[in-house]
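Asker: This is the structure, below, for whatever I ask next.
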Amino acid sequence: MSSTTACVCTVLCTRCDAVRMSVVGQCVVIWKALRELKGLRMLRLRCKAKNGTHLMQGLTHQSCVQELKTKVEELTGIPCDVQKIMVGYPPSSLDLRNGDAHLKDYPIKSGDTLIVEEEKNKPKVQTNAALTKVPCLNSSPVLERRVVPADNSCLFTSVNYVVEGGVYDPACAPEMRGLIAQIVASDAAAYSEAVLGKSNDEYCTWIRRDDTWGGAIEVSILSKFYQCEICVVDTQTVRVDRFGEDAGYQKRVLLIYDGIHYDPLQRATPGSDIPPQTVFSTTDDIILAQALELADEARSKRQYTDVNRFALRCMVCQTGLVGQKEAREHAKETGHTNFGEV
C-alpha cells in the first residue's frame, strides 16, 4: 500500500470514528432528555385514609417528600409530622424523614394507592369518663359485604372496588365494559360463538350496553387483565368459584353473589380508623373460610335468588318467564335481552 493510500484510509477511518462518536453522543443526550421527561411526568396516585380515598395530583418523580406529605395533609387532614404512609402489597412503610429526598428514590409508581394512617407515638391519658366513649381498639377485623347499587353493572362496580383497594366509582362500568369488548374482539379464536353464546361481534356490541349483566365470562377476563384471583362466593350453594386459581397470581379479591347481584367483600375492623382491606394474598385460606361463613349466613336467611325458578318479565314484549333458561331461550328467539324480576 502506498503512503498516499494509507493517508486516505487514515483520514476516512478518523472521519468514521468522529461520526460514530457524534452519533453516540447524540444518543446519550437523547437518553438523558428522556430520563428527565420521565421524571417530570405526572404520577397517577391515590391515597386512602380514614376519611376516604382521594386522587393525588401535581406530583412527579422529581417532587420531594415534603411535597408529598403536604399534599397528603391537604387531602386527609393528617398533619405531616404524624403521617405513616405505606405502599405496595403487602403494604410497607416509607421512610419519610428526609423531606428533601425525591420520590424517584422511593418504590412509588403511577397507579399506586398510598395507605395513610396517623402515627400516635404518644397516646393521651384517658379519664374514666372518656374511656367509656372510646370504642375497643382491640377488635378483630371482620369480613363484610360492601353493598353496591343493583343497576345492571354491579359486577363491574364490585370488581373495580376491590382491585382499586376500596375505591367506589359507579362511573367505571362503561370503561370496564369497553375494555372487555376490546379483549374479546382481539382474540376471536379464544372467544368464539361456542364460548360466548353469540358471535364475537354480537357479544362486543351486547356487553357495551348498560342494561346487560356481567357473569362468569366477564369475571374470567377481568381476572386475567388485573392479574389477580377473583373469588366469587355463591350464597345459594355456599361454594367459591375461583377465577385465575391456576395462574399463579399472588393477589386475591372476593365478591359475593346471590344469583342476580354481586357485591364486593372487604375486611374491616369495627371502631377503627384503618381503611378496609380488599386485596388479599392467595395463600390466605382463612379469608376464604370467612367468605363461606358469610355465604352460609346469607343462605340461612334466604338472601339469594334461585335463578332457575324466579319469575321474570320481558320488558320489551311483556312476556312472563320463569328462570334463567326460559329467559335465554326467549332472548335467542326474539333478540330481547331486557328482563325484569316480578
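Asker: Of all residues in the range 73-92, which are in contact (Cβ under 8 Å) with a residue 40 or more places away in the chain, over 21 Å from ASP169 (Cβ atoms) and either surrounded by 14 or more Cβ atoms within 10 Å (Cβ to Cβ) or more than 24 Å from the chain's Cα centre (by Cα) (or both)? First the steps, then the outcome.
Answerer: In the first step, residues of the range 73-92 are kept if they are in contact (Cβ under 8 Å) with a residue 40 or more places away in the chain; the result is 76, 78, 89-90.
With the extra rule that they be over 21 Å from ASP169 (Cβ atoms), the set shrinks to 78, 90.
Within the range 73-92, just ILE78 meets the criteria.
Asker: Restrict the check to the range 222-242 and report whether at least one residue is polar (S, T, N, Q), assigned to a helix (DSSP H, G or I) and surrounded by 14 or more Cβ atoms within 10 Å (Cβ to Cβ). Before you say what the answer is, go through the steps one by one.
Answerer: The first filter runs over the range 222-242 and keeps only residues polar (S, T, N, Q), leaving 223, 227, 235-237.
Cutting the leftovers down to assigned to a helix (DSSP H, G or I) gives us 223.
Those still in the list that are surrounded by 14 or more Cβ atoms within 10 Å (Cβ to Cβ) too: 223.
Yes, the range 222-242 has at least one match.
Asker: Looking at the range 257-287 only, could you name the residues that are touching a strand residue (DSSP E or B) at 6+ places or on another chain (Cβ under 6 Å), under 18 Å from SER158 (Cβ atoms) and either β-branched (Val, Ile, Thr) or part of a helix (DSSP H, G or I) (or both)?
Answerer: THR278, VAL279, ILE287, listed by residue number.
Asker: If I filter the range 263-277 down to residues being at pLDDT below 90 and either outside the structural domain of GLY165 (by TED's automatic domain parsing) or not hydrophobic (A, V, I, L, M, F, W, C) (or both), which single residue comes out as farthest from GLN290 (Cα to Cα)? Even if it seems obvious, please write down each step before you answer.
Answerer: Start the filter on the range 263-277 by keeping residues that are at pLDDT below 90, which leaves 268-276.
Filter again for either outside the structural domain of GLY165 (by TED's automatic domain parsing) or not hydrophobic (A, V, I, L, M, F, W, C) (or both), leaving 269-273, 275-276.
Numbers: THR269: 14, PRO270: 16, GLY271: 20, SER272: 20, ASP273: 22, PRO275: 19, PRO276: 15 Å.
Looking at residues that are at pLDDT below 90 and either outside the structural domain of GLY165 (by TED's automatic domain parsing) or not hydrophobic (A, V, I, L, M, F, W, C) (or both), I get ASP273.
Yes/no matrix, rows are residues, columns are (1) within 19 Å of the chain's Cα centre (by Cα); (2) closer than 28 Å to ASP169 by Cα; (3) among the polar types (S, T, N, Q); (4) modelled with pLDDT of 75 or more:
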residue	(1), (2), (3), (4)
LEU43	yes, yes, no, yes
THR60	no, yes, yes, yes
HIS102	no, no, no, yes
ASP105	no, no, no, yes
VAL116	yes, yes, no, yes
VAL134	no, no, no, no
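Asker: Then there's this: I'd like the residue in the range 40-80 that is touching a Pro at 6+ places or on another chain (Cβ under 8 Å) and not in a strand (DSSP E or B) and, out of all such residues, is farthest from TYR106 (Cα to Cα). If you could, list the steps in order and put the result at the bottom.
Answerer: At the first step, the residues of the range 40-80 found to be touching a Pro at 6+ places or on another chain (Cβ under 8 Å) are 48-50, 53, 73.
With not in a strand (DSSP E or B) added as a condition, the list becomes 50, 73.
Details: LYS50: 24, GLU73: 19 Å.
My answer is LYS50.
Asker: Please state which of the following conditions GLU297 fails to meet, knowing it meets all the rest: (1) over 26 Å from the mean Cα position of the chain (by Cα); (2) at pLDDT 80 or above; (3) not in a helix (DSSP H, G or I).
Answerer: Every condition holds for GLU297 apart from (3).
Asker: On to the next question. Pairs only if they're at least six apart or on different chains, beta carbon under 7 angstrom, first in the range 242-254 and under 12 Å from PHE280 (Cβ atoms) and without any contact (Cβ under 8 Å) to a residue 40 or more places away in the chain, second hydrophobic (A, V, I, L, M, F, W, C) and assigned to a strand (DSSP E or B); list them, first residue then second.
Answerer: Between residues of the range 242-254 that are under 12 Å from PHE280 (Cβ atoms) and without any contact (Cβ under 8 Å) to a residue 40 or more places away in the chain and residues that are hydrophobic (A, V, I, L, M, F, W, C) and assigned to a strand (DSSP E or B), the close pairs are ARG252/CYS231; ARG252/PHE280.
Asker: When you scan the range 175-187, do you find a residue that is in contact (Cβ under 8 Å) with a residue 24 or more places away in the chain, in contact with a strand residue (DSSP E or B) (Cβ under 7 Å, 6 or more places away or on another chain), among the hydrophobic types (A, V, I, L, M, F, W, C) and closer than 30 Å to ARG267 by Cα, even just one?
Answerer: Let us first name the residues in the range 175-187 that are in contact (Cβ under 8 Å) with a residue 24 or more places away in the chain, namely 176-181, 183-184.
Subsequent filtering for residues that are in contact with a strand residue (DSSP E or B) (Cβ under 7 Å, 6 or more places away or on another chain) retains none.
Looking for residues that are in contact (Cβ under 8 Å) with a residue 24 or more places away in the chain, in contact with a strand residue (DSSP E or B) (Cβ under 7 Å, 6 or more places away or on another chain), among the hydrophobic types (A, V, I, L, M, F, W, C) and closer than 30 Å to ARG267 by Cα, one finds none in the range 175-187, hence no.
The values are calculated or read from the model by the stated rules, or taken from the named source; none is laboratory data. Please read these numbers as outputs of a predicted model, since none were measured by experiment. Cβ: placed from backbone, ideal geometry, glycine included. Neighbour counts: every protein chain shown.
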